[in-house]
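The values are calculated or read from the model by the stated rules, or taken from the named source; none is laboratory data. Fair warning: this is a prediction, and the values are worked out from it, not measured in the lab. All Cβ positions, glycine included, derive from the backbone under ideal geometry; neighbour counts span all protein chains shown. The area values use the complete protein model at the heavy-atom level, side chains included, leaving out ligands, DNA and RNA. Shrake-Rupley method; radii C 1.70, N 1.55, O 1.52, S 1.80 Å.
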Amino acid sequence: MMKLYLETKEQYKDCILFYRLGDFYEMFYEDAILVSKELELTLTGKNCGLSERAPMCGVPFHAADTYINRLIENGHKVAICEQVEDPKLAKGLVKREVIRIVTPGTNIDMESLDGSRNSYIMCIVCLSDRFGLGIADITTGEFRLTEMESLRKLTDEIYKYSPKEIVCNEAFLLSGIDTEDLNDKLQISLYPLESWYFDDDGCLNALKEHFHVQSLSGFGVNDYTLGTIAAGALLQYLYETQKNALEHMRVLRPYDISSYMVLDSSSRRNLELTETLREKQKKGSLLWVLDKTKTAMGSRMLRNFIEQPLIDKKMITERLNAVEAFLKHPVTREEMREYLDAVYDLERLMTRVSYRSVNPRDLLALKNSMQMLPHVRELLKDLPKSQFMPVYDALDPLTDLYILIDNAISEDAGLTVREGGIIKNGYNETVDQLRNAKTEGKKWMAALEAKTKERTGIPKLKIDFNRVFGYYYEVTNSYKDRVPADFVRKQTLTNAERYTNEELKELEDTILNAEDKLFALEYDLFANIREKLAENVERIQKTAKIIAELDTYASLATVSEHNHYVRPKLNEKGVINIKEGRHPVIEKITYNDLFVPNDTYLNNTDSLISIITGPNMAGKSTYMRQTALIVLMAQIGCFVPAAQADIGIVDRIFTRVGASDDLASGQSTFMVEMTEVANILRNATSKSLLILDEIGRGTSTFDGLSIAWAVIEYISNTKLVGAKTLFATHYHELTELEGTIKGLNNYCIAVKEQDDHIVFLRKIIKGGADKSYGIQVAKLAGVPDIVIERAKELVAQLGKNDIARSIQIIAGEESCKKADEVDLNQMSLFDTVSEDDICDEILKLDIDRMTPMDALNTLSLYQSKLKNRW
């Protein structure tokens, strides 16, 4: 047995091998040591003909999924080696084979999966600085491909799908991708594959054989050469690991990444689309607000809507029309949602059917779901016929499959498929006959027990059964002396003895033969039903998709009604005009409806850039994020939180919000900020929306001001970018740009002062802020009064023109000269200087040794002396 184990392990070196021995899966050697540590199992040993005992640990077969899931979560692969013949019929060693390899991206255990999100596996092929992608979710049958020309776009796709597992060619590992970052931030397991997986002909043939076609042109993949290779390699990898035909993967869908709004990883995080920035939880995200779906399929589709906003006006309008139809028919909508609440995850149930791992309870769930379909279909008649009649025609109620399951599967069926109790009475005559024999057999056993008690005079004698010893008499030790001579001992327990005799053996053979035949027949009938369902997997998948769409639109309509959203108008003129817009998440967690709505107006000409000033905590970031979210919501086909909205479709949303050090990769706050800004400036277009918060604050004041200024100039240049931009800043000097840069306008957050206190009015008004109110904000935050009073003294002195001299006076120092700075004391001769003297001094300045701060301080002193002179 150990020799066969080692041979099997040699074929699956990169996997933990779960080796079936009786009622346990055992692990040996290195696998046992690793698993015992990770799962906290007892490590034992086994004699196997070597000088030392082989390290061994094991788990019960009926609980194996729990242990496998924990190993998969830790990034391991698990090869399941199963007994593939009946031990009773085996001659010699029982035959064993690896029936499946479970990897992070191929786990189909429904208990471990999040029903509200897809479980993707991705294959990436890198060739000559281009990337091909194959993406699959084997739990639902989804299969897609695409390709792109840059690592940045590839990274965006990875963040969009957040796959559990990536397989790739060796060239991808050398492309510059940060593989540690993928594992640390997204918990993605990454495995390189051997080169044969990516052979052009092998990939094409694998795809053609799988879809039973002579050519792939019908799938529209001709323009995706690398994407096709990636999809073919992924399919071969799935064949290798899943050991089945993957019948539920029926369609291959190519897509162009330019068909969707581009959202880079920073924007997804900053806008908190599906999880919050800090806690990484759904609650507090946009998805949390919008997801009122009733089915797991609908929840996944809604998440995909949010992750992939549309840019095609026609497609967006179709979604908005569907949401509006449900909004205008609330009775129909709520009745439909009640029916949908009883629908299980049809997509993942069909995957289990295709894997032949479905159990009787799963089929009952499938039947109960199908029972709702005719009701849902009938309700479609109450919705606009021009829009929903095609849906009505396409929605297959699956009545024949419902009848099949309803007639055959017992409502009391359990989870196991080989212990009977599956088939209903009346479905099969032979089953009924065998079942009667089994029932009568229990009566016979009861009669024999009563008869034997009377014959032996043992009142506590009983007849019982287990799978090892079959039927037996059990007699407690206190009555052992009354056991008759025809009793033969079978087993000794602590407090009792177990026996048999000829009469019991004969009755046992009669009953067990009937039971074995019944269980075998019930399994065969169940398997036939399973096969019929597998033949109809495509029908069920199409129905599941329609149900998901209806659930998603009904959810968006429900949220729109409850939260008083409005239907946005769409334009392609580049105008964003929002009246009384609200942040969809913040308003839900603001008590007593205290959220203050605000207007937004941007276009491509005279309102291109809005400079927003105001104190911290006043609501600048909330305002900018709400604008981005309203635009995004409109483009997923949802109504928006506003009194009125006219949304110019944008091709991408970029955000630079907040500050965070990336210490793990050695990047400071400022470096992270500048990297994100560089990405925005290089990739934004005139159709983009930019949300920029506090650009330049991670460095010195004047460096930061200069960078912010230059960024604004660059964005405003329509030949370079010309993107609509909301730009929040504490650099009040930037408000001076209004009137000098075309399309730039100043806005600020209204603040009301009361003595030393301020009240944030949260209202955006025209004009720039005249103060930062930093000390007042510090007071609100609870900074000690002594610090607040000292800060007031300092700001009064630092507010003078000669900042450098003020610092000297406050600190009580004679000079603030540094070894590498200009000696500011030499400026004292300017008390009686002429313009020529100033020119001479300027010519003598060592500019190469001056910092930006030195230059501004020097310029301030020149200005001061000239003012005094004039």
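Just a few scattered comments:
- Residue that is farthest from Tyr5 (Cα to Cα), among those in the stretch 31-56 that are of a type in the set (D, E, K, R) and surrounded by 13 or more Cβ atoms within 10 Å (Cβ to Cβ): Glu38
- From the options Gln541, Gln635, Gln626, residue that is closer than 27 Å to Ala778 by Cα and modelled with pLDDT of 95 or more: Gln626
- When restricted to residues that are outside any helix (DSSP H, G or I), within 20 Å of Thr103 (Cα to Cα) and of a type in the set (S, T, N, Q), the stretch 146-180 contains 2.
- Just one of the numbered conditions (1) open to solvent by less than 80 Å² (accessible area, probe 1.4 Å); (2) more than 26 Å from the chain's Cα centre (by Cα) is not true of Thr543: (2).
- If the condition is being open to solvent by less than 20 Å² (accessible area, probe 1.4 Å), in a loop (DSSP other than H, G, I, E, B) and in contact with an Asp or Glu (Cβ under 7 Å, 6 or more places away or on another chain), then the stretch 227-272 contributes Met261, Asp264.
- In the set (1) over 17 Å from Met297 (Cα atoms); (2) without any contact (Cβ under 8 Å) to a residue 24 or more places away in the chain, Pro384 fails one condition alone, (2).
- Of all residues in the stretch 249-270, those that are under 30 Å from Arg352 (Cα atoms) have Cβ atoms under 8 Å from Cβ atoms of residues that are among the charged types (D, E, K, R) and open to solvent by 60 Å² or more (accessible area, probe 1.4 Å), 6 or more apart or on another chain, in Arg250/Glu538; Pro254/Asp223.
- Among residues of the stretch 338-356 that are in contact (Cβ under 8 Å) with a residue 60 or more places away in the chain and closer than 16 Å to Thr543 by Cα, those with a beta-carbon under 6 Å from a residue that is open to solvent by 30 Å² or more (accessible area, probe 1.4 Å) and not hydrophobic (A, V, I, L, M, F, W, C) at least six positions away or on a different chain give the pairs Leu340/Lys294.
- Cβ pairs under 8 Å, 6+ apart, first in the stretch 148-169 and in contact (Cβ under 8 Å) with a residue 24 or more places away in the chain and over 20 Å from Asp256 (Cβ atoms), second among the aromatic types (Phe, Trp, Tyr) and surrounded by fewer than 19 Cβ atoms within 10 Å (Cβ to Cβ): Glu165/Tyr191; Ile166/Tyr191; Val167/Tyr191; Cys168/Tyr191
- Qualifying residues in the stretch 276-292 (those that are in contact with a helix residue (DSSP H, G or I) (Cβ under 8 Å, 6 or more places away or on another chain), in a loop (DSSP other than H, G, I, E, B) and within 19 Å of Asn118 (Cβ to Cβ)) - the one most open to solvent (accessible area, probe 1.4 Å): Lys282
- Residue count, the stretch 441-460 (criterion: surrounded by fewer than 16 Cβ atoms within 10 Å (Cβ to Cβ) and within 30 Å of Arg530 (Cβ to Cβ)): 1
- Tyr601 vs. criteria assigned to a helix (DSSP H, G or I) and among the aromatic types (Phe, Trp, Tyr): no
- For the stretch 398-433, residues that are at positive phi and surrounded by 13 or more Cβ atoms within 10 Å (Cβ to Cβ) total 3.
- Test: residue in the stretch 312-325 that is open to solvent by 40 Å² or more (accessible area, probe 1.4 Å) and farther than 20 Å from Tyr260 by Cα: yes
- For the criterion of being within 25 Å of the chain's Cα centre (by Cα) and open to solvent by less than 50 Å² (accessible area, probe 1.4 Å), Gly105 passes.
- In the stretch 572-625, residue surrounded by the fewest Cβ atoms within 10 Å (Cβ to Cβ) [restricted to those that are among the hydroxyl-bearing types (Ser, Thr, Tyr) and without any contact (Cβ under 8 Å) to a residue 24 or more places away in the chain]: Tyr591
- Single residue of the stretch 348-378 satisfying the filter (outside any loop (DSSP other than H, G, I, E, B) and over 20 Å from Thr399 (Cβ atoms)) that is most open to solvent (accessible area, probe 1.4 Å): Arg361
- Residue in the stretch 2-9 that is open to solvent by less than 90 Å² (accessible area, probe 1.4 Å), in a loop (DSSP other than H, G, I, E, B) and in contact with a strand residue (DSSP E or B) (Cβ under 8 Å, 6 or more places away or on another chain) present: no
- Residue in the stretch 143-164 that is open to solvent by 40 Å² or more (accessible area, probe 1.4 Å) and of a type outside the set (D, E, K, R) present: yes
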